[in-house]
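The block underneath contains the structure these notes are about, expressed in structure tokens.
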Amino acid sequence: MKYIDVDEVKLLNFYKTISNNVVRIRKERNISQLELATSIGYTSSTFLGKAELLSENKHFNLAHLYKIALALDIDMNEFFKDVVTKK
């Protein structure tokens, strides 16, 4: 198997796509950042807001996405829509 070099721009686009999907789904369901944050174990919306905006180098990890998917009762694949993995 050969080494796959993923540059920072591609990685940032990956994170942006996932964040955009989280925001889209959250808004479609009329759920506030605070409501979603508390449903996944946070006491404020600070982290969620930063992860949605990719602020301060924050982004969602798999554990976050798993909890959010459970909270929203959706398939985790929804977060990866429009992620490009082929050249």
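Each value in this text was obtained by applying a stated rule to the coordinates, not by laboratory testing. Bear in mind the structure is a predicted one, so any value in this text is a computation, not a measurement. Note that we place each Cβ from the backbone using ideal geometry, even for glycine, and neighbour counts take in every protein chain shown.
Measuring nothing but how far apart in sequence close Cα pairs (under 8 Å, 6+ apart) lie, relative to its length, the chain scores a relative contact order of 35 percent. On C-alpha positions alone, give me the angle between the axis of helix 8-28 and the longest principal axis of the chain, in degrees, nearest 10. For 8-28 against the chain, the angle is about 30 degrees. Taking every lysine pair in the chain that is 8 or more places apart or spans two chains, those with Cα atoms closer than 23 Å amount to 25.
Projecting the Cα atoms of SER39, PHE14, ILE68 onto the dipole axis of segment 8-80, where Lys and Arg carry +1 and Asp and Glu carry -1 at the beta carbon, places PHE14 farthest toward the positive end. Fully extending the segment from LEU12 to ASP82 would add 23.8 nm, taking 0.36 nm per residue of separation and subtracting the current Cα-Cα distance. For the pair LEU34 and LEU62, label points projected 7 Å from Cα toward Cβ lie 3.3 nm apart.
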